[in-house]
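Each remark here refers to the structure printed beneath this line.
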Amino acid sequence: MKRLVMRTLCLVLLLGLVVGGISAEQKVRLNLFFYKQEIVSQMKELTDAFSAKYPNIEISLEIVPNESMAVLRTRMAGGNAPDIIQLQSYASVFEFARAGWLADLSKEPVMKKVVPATLNSVTYKGKQYALPMDVAGIGIIYNKDLFAKYGVKPPTTFSELKSVCATLKAKGVTPFASMFKVNWSVGHFLSMVHTTLAGEKLLPWLEKMNQGKASFADPVNVKQLFSILDFYKANSDPNAAEMDWNEQQAAFAGGKAAMMVQGLWSYGAAKSTNPKLNCGFIPFPCTDDPKDTKLFADVDSTFALSATSSRERLKAAKLFLEWLASPEAIKIWVERCKLVPTFKGADVKSMDQPFQDLVYYLNSGRTNPWAFAMYPVAVWEDATKNGAQEYLLGRKTPEQVIAYIDEVWRREIAK
Amino acid sequence: MRGIDRWTPSGENPGRRAATKRWAAVAGQMLLAFFALIFLFPGFLTLLNSFKTNTEIKMNPLQLPTRLSITNYVEAWREMEFPVVLANTFILTSLSTLGIILVSSMAAYALVRYKWRTSWVLFLLFTFSMVVPFQAIMVPLFANAKNMGLLSVLGLVPIYVALGCPMAIFMFHGFIKSVPEEIEESAAIDGASPLRCFFQIVLPLLTPVIGTVAILDVLWIWNDFLLPLLMIPGRTLQLAQYRFVGIYRQEYHLAMASLVLTASPVVLFYLFMQRYIINGISAGAIKG
Amino acid sequence: MTGKKWSRVLYFILFVLPALALYGTFFIKPFVEGIQYSFTDWNGVVPEIPLSFERGQFERDVLGKLRDTHKADYLRRFYVLDEEGGVYRLTTWIEERGRERQITQWERNRIKGILKSVGISSIRFIGLENFKNIFRTDLRFLPRKERVYLHNEFSDLPSSIGTREMRRDLIPHLSNEERSFVESCYVFDEAARIYRLRAGLEAGERERLGRILSAKMYRDRLIPGVVGFTAFFTVCNVIFANLLGLVLALALDTRIRLRNVLRSCFFLPNVLSLIVVAFMWSFVFRLIFPKLTGIDIWLGSPELAPVAVVIVSVWQACGYYMVIYLAGLQTIPQDLVEAAEVDGASWWQRLRHVKLPLLLPAFTICLFLTLANSLKCFDLIYALTGGGPGYATTSIVIDIYNNAYLQNQFGYATAKAILLCLIIMAVTGLQLFLTKRKEIEL
């Protein structure tokens, strides 16, 4: 008995050494921390292709999908920043840049290769702290076949959208597949409508807001804003409060609903559920002036470098960023990761129709920035998402939602 | 001899008693079986859905699979790098649990048998950690672990032993109290050292508690999420299967298959360990 | 005799030391370090030692003020002027004996100490401010009254209004003129006992009616807040998990057929990972519960989501406590039960007077564990609802997590965690005191 126990113990220890042991080598080994879990295997392809070109640099990938910010902060608080960090645009980049964690990339040649309009999302106090990597849009993903079947056209004004919904409802098709159980999508919706209605007033308002001199209600007609939320709810499945992303995909992909208001990242999931799906992508119209109808699209993910890496590692990491702009890397990014790149003149012809639609709006300049990413983090994560959800579930009045957003905002800028 | 067939009030006439007896037994078993079905349902669904495609799962999770193919398992196995993470998780769980049992049974024994004020204070100090949410120590714990170079599978073992021993000490403490001291005293008079006393006399008596502690700790460490996520991301089974389901990726077919792969070792372990809990019946009889 | 005393002390130390050393290193030390944060305004992102200094500031405010040249030299080892010469940057990777390594916590602490001596610190000490703010400025934490409006001005006019809403939530808030107007529009239907909207209202009237309803139909409701939900969850979980665990244990401590199989079934929920538990239950609540109960929305409803969370939590936890109760039942001497039976005690009497009193130690453990675990519950709620919808299922621990990682208030979150520790200590301390007293009584 004892011998058996000892043998097992030895075996266990030996296994542990084999698994835990790392062989020392002269290579530069970089850590890349990322959160986009839909491209886990694709990231591996990307870094493998890089290492094939630069054999002395090895990149070890670390995917932390859902609690990425919590893990990243805990690591950094322990003085352990990854060399390359995938960050969400705007607020996350600014937050780490302000704290001094990120290396200044303003003078890197690769920054000249991205579309200049995207640099806003990574510029903090005049310096660029991350490389914008992909552009994503939030709008209406619609089922082209259903639209054709019921003889409706993609709407360009709010009135047209209303009549499309009325027609679909009359034919027994749910207009919108929605998810109210989880708060992020309705948060996007509130911010999207708010931004569209604010139009030109958005940036001056944000500035005033950050000085503590404005209210969330200021740039928009509150009644109009919340009546669009009501409209959205009235044209969603009656069980939307019990639906999350999964059920939303299923309802849309299965043809029970003709549209979903979502980020384009949802298209891939719907397409994999039903490969025959034939979709288009349009902005959500909020007014009756077609000129106001712009796509809610902006930079989604970026790559930043840790300022605390050693010089050698920083150099290797910059080499990686530089390489990302090469045709070889862009090809992987587009064809395998299915993400719209930010690099000038990137070839996206191989992508599906909704992505082409996104690129069309980007190229014609008909886009609105992702205002929610510019709100202070707590305003977005707490007040906006929860406020939108509580309004849709009948728990809060428009005044209460706005008052709470204003209050959290004031608290955040007072810090 | 005890059991459901004796669950009847005494003092009635024998014929009616027999009828009531049978009725009670059948009703009790039916009820229990029904309950068990409710409890089994999610596990059963998991198994069922692990054979279906993602589309089938999303459309109707209740439907029976149309095919019986193991492609999901093959893909999950490959994407999780199953053998490696299984080895990691196995090493981590087994070493940590062994450590917890050894370290805490010793400590609990001393805290019960040495009736000093210090013992009581230390016992309170240990139980204190059970009221502290992990989030309160998460950030400093990570900094300390990193500092000591413990960000590896083996490095996590002492951390698990430290975090697991309060609960184990608490349970051992409760049960050692009911072990009579006489045997140890007579052994001590025969010249046995306290260490020998403990390992040869007390430890064997603790089998049912050891079984319970082992089961609870194995389950905890095997299924733990936040600690390995911080320290050794992606290298345990739980973390490896977490990649299939998140905000923007929900591949339930792979998640279900990976769950069956991940859970089956602990289920087997539990079924195996049950015997030791049952053996406790006789151990309990000695105590009385 | 003294020799024996010393050997006893030595053996005591030998037995306790391994556990104590590990516990001290990996629990007490981080915990004490954590407490320090609760008195600061640290946001969890700003590094504890500045990563860079402007050249002038560093030379003037840091090196210039340091009288001890050793300290200045020490700092210079880690803060290196960058290539352009404008900024001193902290090098966290240093070369030592030809190998590159990261700087250690000890070195960080030393740097922190030196910088502190010249008055530079990125974390501000704010005393008890965080603790005060929990009660003063946190809108979500404590239960409070909130006005809930029953009609939304953007929705269509309700075709009928219940008697309760009409008489309690609307009429008392109206002026006489408004009251007669509303009563002219909504006609009381004796048979159905509701007020029905009259047909043929003009657009102007409809608009006025909509304004009145949205502004004057309201009631004040108690919003449980984070504390309220935590209390609800804890009480329900403690009662039902223990009750069900005990009943299952008693039922399985018999010679029924398939005993082992059944025991495994009840324990199974503990083996499943939370992702799948959450997924399975979310569709049970969506597809199966509506058919059983006639209520469509569970996890998405602010009123029912807390109940749903308790159901899943009890379902998952009771098997765990069943195992502990079973272990306790098996320590009950067989002959005692049999003796009671020979004496003619009924099943209930045997349970009440023999088994339950002897189960008290197990009961103490289970009660303690359910209390502490419910108050600390994070994973399950997080996976199932994420604290939503809105804030309906946000427990204190989830609130702490949100404060720390979504709202950048790390010091504040730690303060809340300390407060939670105190609450749990008070509650479990009281419980242990009471049950222990009962144990001694018997």
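The values are calculated or read from the model by the stated rules, or taken from the named source; none is laboratory data. In this text, all values refer to a predicted model and were calculated from it rather than measured experimentally. When we count neighbours, we look across all protein chains shown, and the Cβ atoms used for this are built from the backbone with ideal geometry, even at glycine. For the accessible areas, the whole protein counts, side chains as well, though only heavy atoms, and no ligand, DNA or RNA atoms are used. Shrake-Rupley method; radii C 1.70, N 1.55, O 1.52, S 1.80 Å.
Quick notes on this one:
- One residue alone among B:93, B:118 is among the hydroxyl-bearing types (Ser, Thr, Tyr), open to solvent by 20 Å² or more (accessible area, probe 1.4 Å), more than 7 Å from every other protein chain (Cβ to nearest Cβ) and part of a helix (DSSP H, G or I), and that residue is B:118.
- Total residues in segment A:124-149, condition free of Cβ contacts under 8 Å to residues at least 60 places away in the same chain and surrounded by fewer than 17 Cβ atoms within 10 Å (Cβ to Cβ): 5
- Residue count for segment A:267-300, restricted to those that are closer than 30 Å to residue A:123 by Cβ, touching a Ser or Thr at 6+ places or on another chain (Cβ under 9 Å) and within 11 Å of another protein chain (Cβ to nearest Cβ): 1.
- Of the helices (runs of 4 or more DSSP H) lying entirely inside segment C:166-278, those containing at least 2 residues that are of a type in the set (A, V, I, L, M) are C:203-216, C:225-252, C:259-267.
- Among residues of segment C:322-342, those that are open to solvent by 30 Å² or more (accessible area, probe 1.4 Å) and either assigned to a helix (DSSP H, G or I) or of a type in the set (Phe, Trp, Tyr) (or both), counted: 7
- Qualifying residue in segment A:210-227 (condition: buried (at least 17 other Cβ atoms within 10 Å of the Cβ), within 13 Å of chain C (Cβ to nearest Cβ) and within 25 Å of the chain's Cα centre (by Cα)): yes
- Set C:56, C:64, C:85: member being touching a residue at least 24 places away in the same chain (Cβ under 8 Å), more than 30 Å from residue C:134 (Cα to Cα) and outside the structural domain of residue C:409 (by TED's automatic domain parsing): C:85
- Set A:276, A:291, A:213: member being of a type outside the set (Gly, Ala, Ser), modelled with pLDDT under 95 and part of a helix (DSSP H, G or I): A:291
Let's see how each residue does on (1) under 21 Å from residue B:99 (Cβ atoms); (2) free of Cβ contacts under 8 Å to residues at least 40 places away in the same chain; (3) acidic (Asp, Glu):
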position: B:190; (1), (2), (3): no, yes, yes
position: B:204; (1), (2), (3): yes, yes, no
position: B:217; (1), (2), (3): yes, no, yes
position: B:228; (1), (2), (3): yes, no, no
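- Every pair of residues 6+ apart whose Cβ atoms lie under 6 Å, when the first sits in segment A:189-212 and is in contact (Cβ under 8 Å) with a residue 60 or more places away in the chain and in the same structural domain as residue A:262 (by TED's automatic domain parsing) while the second is aromatic (Phe, Trp, Tyr) and outside any helix (DSSP H, G or I): A:192/A:296
- Failed condition for residue A:92, given (1) away from chain B (no Cβ under 14 Å); (2) modelled with pLDDT of 90 or more; (3) under 27 Å from residue A:297 (Cα atoms): (2)
- Residues (modelled with pLDDT under 90 and facing chain C (nearest Cβ under 9 Å)) located in segment A:231-256: A:234, A:238, A:239, A:240, A:241, A:242, A:243, A:244, A:246, A:247
- When B:209, B:179, B:213, B:218 are screened for being more than 30 Å from residue A:82 (Cα to Cα) and touching a Leu at 6+ places or on another chain (Cβ under 6 Å), only B:179 passes.
- Restricting segment A:179-220 to residues that are in contact with a Cys (Cβ under 7 Å, 6 or more places away or on another chain) and aliphatic (A, V, I, L, M) leaves a set whose member that is nearest to residue A:375 (Cα to Cα) is A:193.
- Checklist (1) within 12 Å of chain C (Cβ to nearest Cβ); (2) farther than 19 Å from residue C:12 by Cα; (3) open to solvent by less than 40 Å² (accessible area, probe 1.4 Å) applied to residue B:220, failing item: (3)
- Members of segment B:64-79 that are touching a residue at least 60 places away in the same chain (Cβ under 8 Å), open to solvent by less than 100 Å² (accessible area, probe 1.4 Å) and of a type outside the set (Gly, Ala, Ser): B:72, B:73, B:75, B:79
- Some residue of segment A:193-206 being modelled with pLDDT of 90 or more and within 14 Å of another protein chain (Cβ to nearest Cβ): yes
- Count - residues of segment C:400-438 that are over 17 Å from residue B:139 (Cβ atoms) and within 13 Å of chain B (Cβ to nearest Cβ): 15
- Entry remark, segment B:129-166: residues being farther than 16 Å from residue A:75 by Cβ, open to solvent by 30 Å² or more (accessible area, probe 1.4 Å) and at the interface with chain C (Cβ under 8 Å from one of its Cβ atoms) number 3 in total.
- Qualifying residues in segment C:281-321 (those that are more than 26 Å from residue C:235 (Cβ to Cβ) and not acidic (Asp, Glu)) - the one least open to solvent (accessible area, probe 1.4 Å): C:283
- Residue in segment A:38-53 that is under 25 Å from residue B:241 (Cβ atoms), in contact (Cβ under 8 Å) with a residue 12 or more places away in the chain and in a loop (DSSP other than H, G, I, E, B) present: no
- Matching residues, segment C:1-53, being in a loop (DSSP other than H, G, I, E, B) and either open to solvent by 30 Å² or more (accessible area, probe 1.4 Å) or more than 11 Å from chain B (Cβ to nearest Cβ) (or both): C:1, C:39, C:41, C:43, C:45, C:46, C:47, C:48, C:49, C:50, C:51
- Qualifying residue in segment B:179-189 (condition: at the interface with chain C (Cβ under 8 Å from one of its Cβ atoms) and surrounded by fewer than 21 Cβ atoms within 10 Å (Cβ to Cβ)): no
- Which numbered condition residue C:379 fails, given (1) out of contact with any Leu (no Cβ under 7 Å at 6 or more places or on another chain); (2) facing another protein chain (nearest Cβ under 7 Å): (1)
- Test: residue in segment B:203-219 that is modelled with pLDDT of 80 or more, in a helix (DSSP H, G or I) and of a type in the set (Gly, Ala, Ser): yes
- Counting the residues of segment C:262-280 that are open to solvent by 40 Å² or more (accessible area, probe 1.4 Å) and at pLDDT 80 or above gives 0.
- Scoring residue A:178 on the criteria (1) outside any loop (DSSP other than H, G, I, E, B); (2) open to solvent by less than 10 Å² (accessible area, probe 1.4 Å) leaves a single failure, condition (1).
- Residue among C:336, C:287, C:359 that is of a type outside the set (Ser, Thr, Tyr), on the phi < 0 side of the Ramachandran plot and in contact (Cβ under 8 Å) with a residue 24 or more places away in the chain: C:359
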